[in-house]
1. When the chain is fully extended, how far beyond the present Cα-Cα distance does residue 87 get from residue 444, taking 0.36 nm per residue of separation?
2. Provide the packing ranking of 201-212, 92-103, i.e. peptides ordered by the mean count of other C-beta atoms within 10 Å per residue, highest first.
3. Going by C-beta contacts inside 10 Å, put 355, 469 in order with the fewest on the left.
4. By counting other Cβ atoms within 10 Å of each Cβ, how are 230, 443 ranked from fewest to most?
5. Rounded to the nearest 0.05, what FRET efficiency is calculated for residue 269 and residue 331 with R0 set to 30 Å and r the Cβ-Cβ distance?
6. In which sequence would 46, 241 go, from the one with the fewest C-beta neighbours within 10 Å to the one with the most?
7. Can you give the relative contact order of the stretch 34-106 as a percent, counting alpha carbon pairs under 8 Å and 6+ residues apart?
8. How many nm separate the modelled label positions at residue 78 and residue 65, each set 7 Å beyond the Cα in the direction of the Cβ?
C-alpha cells in the first residue's frame, strides 16, 4: 500500500510535488541509537533498549504477582512488595545492563589494542602518488597561482611522460598514472620543488589534529578519499594555525595592559573579530581564513608579539601564498558542500591534482608551527622548597593518538586538563579555543575546538577534530565573552 502511494506521488504535477513531500504520512527517520547514554547503563532512546524493557517487565511482574498473605509477618505487605520489586529489578535488569557496559568497554579496548598492534594493511606503496618512487628525481608541481587544469592538459601530461619513458619500458599504470596526471607540464619559471617530504614532516612534527588528517591523506587509496582528506586537512590546518595565533595574541594583550576606556590595540581588534564569530553563526572555514588574513595584514602593529607569532607573520605576509592557498581550498570546500562533489574517480583525481599544491604550499609556509608544540596538562604539583611547579604533560604532536608524557619544571602555575602551547616565552593557554571533553558517542575524551557559544548560558559548542562530533562544554562560553568586544567598547 505504501509502495503504491509512493509510486503515485511521483506522477503528480510539479506544482504538487512540494506538498507530497511534506505529507504527514511520509515516514520519519528514527533517531540514532546512543549507547549507554541514560544513567550510563541504558541506550538512548530507551524504548529501543531491550534491557530497559526487561527491567520494567520484571518489576511489573513482581509487583502484581505477590502471593496473598497467609500468616502475619513483621513488616507490612506493601513494604515487602516494594523491596521485592526493587531486588528483582536490580538483579534481573540493572545488573545485566551493568554487565553489558563492562562487556562493551572490554570489547572496544580489545579492538583498539588489536588495531594498534597489527600492521596496517593500508600502508602506502611505492606507487602511491604521495610517495616518490625509489631512484626517480622528485617531481615538480605547479605553483598554486596557476590556472585551473583542463582535461586537455591532463592528456598532454600523459603524452609528455610517455615520450620521456626509456625505450622498451611501458608507461606506468594504476596509482602512478594519477601521479602523472597530477599537474600540467612543469614550467621552470612558475614551479617550486615541493616533494612528498612536506607531508611526511607534517605527520611527524605538527600538532596532532593536522598530523592525523595528513596521515589519512597519505593512506587514502581512491581519488575520492584523497579529495575528502585534502579538504579536511586544509580546514584543520586553518583551525590549528588560527587558535595557536589567538593564544599568542592573548599573550600580547598581557604585555600591554590597557586601562578602561583606552583605545583598542591591534591584538584587541583581532580577538574581537574572533569573538564576534563565536557569538553569531559560529567559527567556520571562512572565519579562520579571514582571521589569518587580518592577522597578516595588521601584524605590523603588534609591538610585543612573541617570537613565534613573528615567524608566522613573516611567513604568511612575505609570500602572500599561504592565505591565498587556504582561500582557494575554502572555495573548493564550499563548492563540494553545495552539491558539486566529484561524480567519478577521474573527476576527483583532476581536482586533487589541481588543489593539492595549495595544501603543500600552506604546509611549507606554516613550518614554524613545528616549534610550537601543544601540551595537555595531565598533572601539576607545587614544590614549596623551590617555589616551582612540577608538571606532567602529554606531548600532543605527531599522528599517533597515544601521546608521550613529558615532565617540566615551571615557575608559573598551569591548570590540569587544559591545553597549552609551548613558546620561548613560556607555556601559553589554548583555552578557551581548544578543549578535551568527554564524547558520549565515542565514549572517550576527544580533542575539540570551540565552534559556537550559546546565547542563553555560559556553555559552548565544541567540535571534535577527529570525527566532527558536537559536544556541549560548560563554562567555555564565559571565557569567550571575556575576550575584547569592539562593538561594546
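Read-outs throughout are calculated quantities, based only on the coordinates presented, and are distinct from any laboratory measurement. This structure is a prediction, so every number in the text was calculated from the model and none was measured. No Cβ is skipped: glycine too gets one built from the backbone with ideal geometry, and neighbour counts run over all protein chains shown.
1. Length difference between fully extended and current span is 125.3 nm.
2. Highest to lowest by the protection proxy: 201-212, 92-103.
3. Final ranking by Cβ density, sparse to dense: 469, 355.
4. 443, 230
5. The formula returns an efficiency of 0.70 here.
6. Taking fewest neighbouring Cβ atoms as first place, the list is 46, 241.
7. 35
8. With each label placed 7 Å out from Cα toward Cβ, I get 2.4 nm.
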